[in-house]
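Take a look at the structure below.
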Amino acid sequence: MEKSKLDLKKLEESKDGIYLVDESRKIIYWNLAACQLTGYSKEEMVGKHCYESGLDHISMDERHLCRSLCPLMGTMFDGKTRKEEVLVQTKDRSRVLIQVETYSLEEDGKIVGAMELFRRKETGHEIK
């Protein structure tokens with residue numbers, strides 16, 4: 001997948017956290033809002049597989065999604081958009097509730113990666 005084909009300027013200006021992964025789930029793009037929401041810099045995230053990034057997505061029923069079929073992987077498998085609330089671990093090791101949306105990235109009709117868009121859900125307090 002060529003990043004030059006994507007309109008990265010629009011992704012960078014988004015207030016939502018956004019990251020892109022290639023077909024092996026390696027993070028190839030991490031926007032400014034993702035840095036602000038998680039505390040992880042682009043340099044810390046780009047080049048890592050999403051499951052080794054430290055975000056450690058946990059479902060509301062306490063399943064570690066990075067160790068099973070997470071929404072991003074499901075979207076890469078079938079191309080279907082997913083929307084789910086999950087807990088994510090920030091760099092300071094606190095847990096925050098986020099709304100995740102996943103989208104497939106395709107070239108010539110073939111899924112070549114995925115995008116995860118996420119935004120913080122206001123709960124009135126952080127979850128530790």
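Read the figures in this text as sums done on the coordinates, not as results from a lab. Note that the coordinates shown come from a computational prediction; the quantities given were computed from them, not determined experimentally. No Cβ is skipped: glycine too gets one built from the backbone with ideal geometry, and neighbour counts run over all protein chains shown.
Quick notes on this one:
- Low-density loop positions, GluC sites (Glu not before Pro), the stretch 44-84 - DSSP coil, at most 14 other Cβ in 10 Å: GLU62
- Computed about its Cα centre, the charge dipole of the chain is approximately 240 debye, with only Lys, Arg, Asp and Glu carrying charge at their Cβ.
- The alpha-carbon atoms of the chain, seen along their principal axes, cover 44, 28, 22 angstrom, with the largest extent given first.
- Counting only Cα atoms, the stretch 21-61 measures 31, 25, 12 Å along its principal axes, largest extent leading.
- Calculated FRET efficiency for the pair GLU122/LEU8, C-beta based, R₀ 30 Å, to 0.05: 0.60
- Reported to the nearest whole Å, the Cα centre-to-centre distance from the stretch 5-34 to the stretch 67-128 is 12.
- The percentage of C-alpha pairs in the stretch 34-104 whose separation is greater than 20 Å is 27%.
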